[in-house]
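Asker: Below is a structure I'd like to ask you about.
The values are calculated or read from the model by the stated rules, or taken from the named source; none is laboratory data. In this text, all values refer to a predicted model and were calculated from it rather than measured experimentally. Don't worry about glycine lacking a Cβ; one is built from the backbone with ideal geometry, like all the others, and counts go over all protein chains shown. Each accessible area value is taken on the protein alone, full model and side chains, heavy atoms only, with ligands, DNA and RNA left out. Shrake-Rupley method; radii C 1.70, N 1.55, O 1.52, S 1.80 Å.
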Amino acid sequence: MTKQVKVLIAGCGSRGRIYANYSIAHPEEMKVVGIAEPDNVYREMLVKQHNISFENAFKDWQEMAKKPKFADAVIIAVQDNMHAEATAVFAEKGYNILLEKPMALTENECRKIVDIVISKNIIFAVCHVLRYTRYT
C-alpha cells in the first residue's frame, strides 16, 4: 500500500497546476493540502479543485512558509528569481522538495541549495519537464 503524500504547491501557474493535477489522477498517492499563489483566479480554482481549506490558501510562498509544517513535501513552481530563497526556507522547515527548473539563477545559489538540502537530509529533485516537449 502506498502512503498518500501531502503536498504544498508554491506557485500555481501552468507548471504548479499541472503538478497539482497529479493528485486528481492519483488521489491514493498525493493530496494537495496547501497552495500559495498571488493570482486570485488561479488560487480560488485550485482551492475548489483540491478541496483545500481556506486557511491553507495563501497569496505568496512566504506567508505559507510562516505556518508550522503541515505537509510532507512542497512543489516549488514560483518565479525563477524566487527559487533559491523559497527552497532554503522550506528545506529549513524539513519539507521534501520538488523544484521546478531552473534550480536557481546563479551557481552560488545552486551550491547553497545543495548544501542546505544535504544538511537537512531531505528528498530533493529538480524538474526539467520541458526537456521532453516536441520543440525541445
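Asker: Can you run phi through the Karplus equation (6.51, -1.76, 1.60; θ = phi - 60°) for segment 55-64 and list ³J(HN,Hα) in whole Hz, with x for Gly and Pro?
Answerer: 5, 10, 10, 10, 7, 8, 5, 5, 4, 5
Asker: I want the local charge near A84. Using Cβ-Cβ distances under 14 Å, sum +1 for each Lys or Arg and -1 for each Asp or Glu among the other residues.
Answerer: Net charge in that neighbourhood comes out at -4.
Asker: In Å and whole numbers, how far do the C-alpha atoms of segment 3-136 stretch along each principal axis, longest first?
Answerer: Between the extreme Cα coordinates on each principal axis of segment 3-136 lie 41, 39, 30 Å.
Asker: Separate question: Hey, any idea what % of the chain's accessible area is carbon plus sulfur with a 1.4 Å probe? Kindly include the intermediate steps, with their values, before the conclusion.
Answerer: Numbers: 4410 of 8080 Å².
Carbon and sulfur together cover 55 percent of it.
Asker: Ignoring ligands, DNA and RNA, what accessible area per residue does the chain give at 1.4 Å, in Å²?
Answerer: Normalised by residue count, the accessible surface of the chain is 59 Å².
Asker: If the reach is capped at under 16 angstrom between alpha carbons, list the lysines near K120, excluding any in the same chain fewer than eight residues apart.
Answerer: Candidates past the 8-residue exclusion: K69, K93, K112.
Asker: Now, a different point. ³J(HN,Hα) across segment 111-120 via Karplus (A = 6.51, B = -1.76, C = 1.60, θ = phi - 60°), whole Hz, x for Gly/Pro?
Answerer: Rounded to whole hertz, the list is 5, 5, 4, 4, 4, 6, 5, 5, 5, 8.
Asker: Further question on the same structure: What does the charge dipole of the chain about its Cα centre add up to, to the nearest 20 debye, if the Cβ of each Lys and Arg holds +1 and the Cβ of each Asp and Glu holds -1?
Answerer: Values: 18 positive and 16 negative charges, 53 e Å.
It comes to approximately 260 debye.
Asker: For the full complex of protein chains and a 1.4 angstrom probe, list R111, R17, R43 by accessible area with the highest value first. Intermediate results must be reported in sequence, preceding the final value.
Answerer: Values: R111 140, R17 55, R43 25 Å².
Correct descending sequence by accessible area is R111, R17, R43.
Asker: Can you give the relative contact order of the chain as a percent, counting alpha carbon pairs under 8 Å and 6+ residues apart?
Answerer: Dividing the mean separation by the residue count of the chain yields 21 percent.
Asker: Students often forget the sequence filter, so: which lysines lie under 18 Å Cα-Cα from K48 once same-chain residues fewer than 8 apart are removed?
Answerer: Partners within reach: K6, K31, K59.
Asker: Still on this structure: Taking amide H positions as placed in the peptide plane 1.01 Å from N, state which residues far from C127 in sequence (5 or more) or on other chains have amide H under 5 Å from it.
Answerer: L99, E100, K101
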